[in-house]
Amino acid sequence: MTNVVKVAESDVADPSLAGEGQRLIDWAAREMPVLRIIRERFARERPLEGLRLGACLHVTSETANLAITLKAGGAHVSLCASNPLSTQDAVAAALSRQHGIPTFAVKGEDSARYYAHIQSVLDARPQVTMDDGADLVAELHKGRRELLEDVIAGTEETTTGVVRLRAMARDGALRFPIIAVNEALTKHLFDNRYGTGQSTIDGLIRATNVLLAGKTFVVCGYGWCGRGLASRATGLGAHVIVTEVDPTRALEAVMDGYRVMPLAEAAPNADIVITVTGDINVIDRGAIERFKDGAIIANSGHFNDEINLAAIDDLSVEVTAPRTFVQSHRLRDGRTIHVLAEGRLLNLAAAEGHPAAVMDMSFANQALCAEHIAKHHKDLALAVHDVPQDIDREVARLKLQAMGVSIDTLTDEQQKYLASWESGTT
Ligand code: NAI
């Protein structure tokens with residue numbers, strides 16, 4: 001297999017923004033000590049030497065630090081956006097101009113350009129894929145099957161991507177193994193919960209400047225993201241209502257202190273409704289018809305299909321844009337409903353996505369999984385795999401170390417005790 005592949009030039013909004021982008025990348029790097037340790041080791045050991053790596057990720061300052069780490073490890077990285085609205089144009093410029101990483105991402109790109117950018121990454125004939133939502137892997141399997149023979153494995157960043165890839169594996173459609181980075185404890189316990197929780201509120205406030213204290217705030221979905229969002233909204237004084245379809249998650253929300261009810265019941269009183277489910281049409285016509293005048297609705301789940309936008313359009317007589325990420329729909333019955341960021345993930349469209357300190361762990365997992373693939377791909381069965389436990393624990397250990405937190409260690413006696421069954425009640 002040759003590693004010499006001609007890679008297209010980048011497609012970024014404005015290459016002259018590279019200086020600003022580099023400052024953002026450096027700022028994020030301050031909060032990414034685990035990735036820095038990995039980058040320094042990668043630069044010495046070059047575990048990814050010559051590997052062609054195609055990445056479809058949100059093009060943010062944190063992702064730039066990952067791409068630079070992978071390159072330091074010897075990989076030929078090409079990068080495209082995993083969402084049309086999440087790209088930080090200055091960062092894209094810096095990656096392409098200052099780091100020589102072919103980058104295909106323009107904030108606000110239309111669907112045709114979004115998919116053309118994925119094709120540009122595929123043109124570099126990736127041997128390893130790194131996806132956030134599985135669009136890269138899906139395009140590869142749907143239209144570029146001639147490239148499959150080069151691919152040794154891939155990684156997936158988010159819940160929705162893992163769900164899609166497991167569906168592909170179930171259907172027998174998946175043609176190379178995937179490591180589901182989202183499933184690492186050091187990923188979803190922190191990134192999905194604290195990252196999405198904080199940054200979704202950040203996006204909401206930047207888009208609207210709304211006061212949360214005293215508002216009725218509905219969180220649809222009480223998974224990892226929903227738990228974080230509900231707790232952060234509560235912290236700002238909102239009255240949080242949770243909607244769920246899973247009885248265990250609903251029960252957990254009740255015992256965590258939230259009111260739980262169907263969306264149709266919550267809708268008439270809701271000031272703000274945010275979906276984080278990974279599901280389709282969670283806010284459907286029925287709920288839209290019941291929202292009160294002035295309700296704000298948004299999504300922080302991966303795809304922009306959690307809100308039935310077509311139904312809102314159908315009910316609208318006029319759409320105005322009072323602020324950059326706000327579309328105000330005046331409905332036939334006179335009510336107005338405000339939709340944020342075209343229903344795309346609010347935290348990345350209207351804010352900057354997760355803070356670097358939490359992406360440090362997610363992307364440390366990504367970098368170490370890429371190394372694992374380079375070393376062990378021959379042993380990986382054709383399936384969607386969890387992140388190896390030693391990687392997950394190593395990321396936690398390094399993060400604690402970087403935070404200056406030390407913990408106890410098991411004594412020999414305790415290790416023996418915990419591994420035995422003989423001793424019971426004394
Ligand atoms: P999860 O699987 O832990 O939780 C999703 C929850 O939504 C589940 O409890 C499920 O029962 C519930 N749900 C499904 N359909 C529903 C419906 N119709 N009404 C109410 N609840 C419903 O998933 P997680 O990790 O919380 O991720 C949620 C979404 O957010 C995914 O699309 C994921 O890819 C995305 N995500 C977005 C991030 C961001 O930066 N905005 C970061 C991480 C994940």
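The values are calculated or read from the model by the stated rules, or taken from the named source; none is laboratory data. None of the values given here were measured: they were computed from a predicted structure. Here the Cβ positions follow ideal geometry from the backbone for every residue, glycine too, while neighbour counts run over all protein chains shown. Heads up: the accessible areas ignore ligands, DNA and RNA and are worked out on the full protein's heavy atoms, side chains in. Shrake-Rupley method; radii C 1.70, N 1.55, O 1.52, S 1.80 Å.
Observations on the model:
- When residues of the range 130-145 are limited to those that are more than 15 Å from the ligand (Cβ to nearest atom) and open to solvent by 10 Å² or more (accessible area, probe 1.4 Å), the one nearest to A173 (Cα to Cα): H141
- Subset of the range 324-346 [surrounded by fewer than 19 Cβ atoms within 10 Å (Cβ to Cβ) and under 27 Å from L57 (Cα atoms)]: T324, V326, E342
- Check on I118, open to solvent by 30 Å² or more (accessible area, probe 1.4 Å) and either within 12 Å of the ligand (Cβ to nearest atom) or touching a residue at least 60 places away in the same chain (Cβ under 8 Å) (or both): no
- Test: residue in the range 350-367 that is open to solvent by less than 30 Å² (accessible area, probe 1.4 Å), more than 21 Å from T87 (Cα to Cα) and in contact (Cβ under 8 Å) with a residue 40 or more places away in the chain: yes
- Qualifying residue in the range 307-323 (condition: at pLDDT 95 or above, surrounded by fewer than 17 Cβ atoms within 10 Å (Cβ to Cβ), polar (S, T, N, Q) and on the phi < 0 side of the Ramachandran plot): yes
- Of all the residues in the range 24-62, those that are farther than 24 Å from H117 by Cβ, open to solvent by 20 Å² or more (accessible area, probe 1.4 Å) and among the aliphatic types (A, V, I, L, M) number 3.
- In summary, helices (runs of 4 or more DSSP H) completely within the range 230-298 and bearing 2 or more residues that are open to solvent by 70 Å² or more (accessible area, probe 1.4 Å) and within 9 Å of the ligand (Cβ to nearest atom) occur at 247-255.
- Filtering the range 225-249 to residues that are touching a Phe, Trp or Tyr at 6+ places or on another chain (Cβ under 7 Å) and of a type in the set (G, A, S) leaves G228, A230, A233, A238.
- Segments classed as helices (runs of 4 or more DSSP H), wholly inside the range 343-426, with at least 1 members that are of a type in the set (F, W, Y): 356-376, 412-418
- Tally, over the range 25-46, of residues that are farther than 22 Å from Q88 by Cα and of a type in the set (K, R): 4
- Any hit, the range 394-416, residues being buried (at least 23 other Cβ atoms within 10 Å of the Cβ) and either more than 15 Å from E156 (Cα to Cα) or without any contact (Cβ under 8 Å) to a residue 24 or more places away in the chain (or both): yes
- The test for being farther than 23 Å from S231 by Cα, away from the ligand (no atom under 11 Å from the Cβ), assigned to a loop (DSSP other than H, G, I, E, B) and not hydroxyl-bearing (S, T, Y) does not hold for D305.
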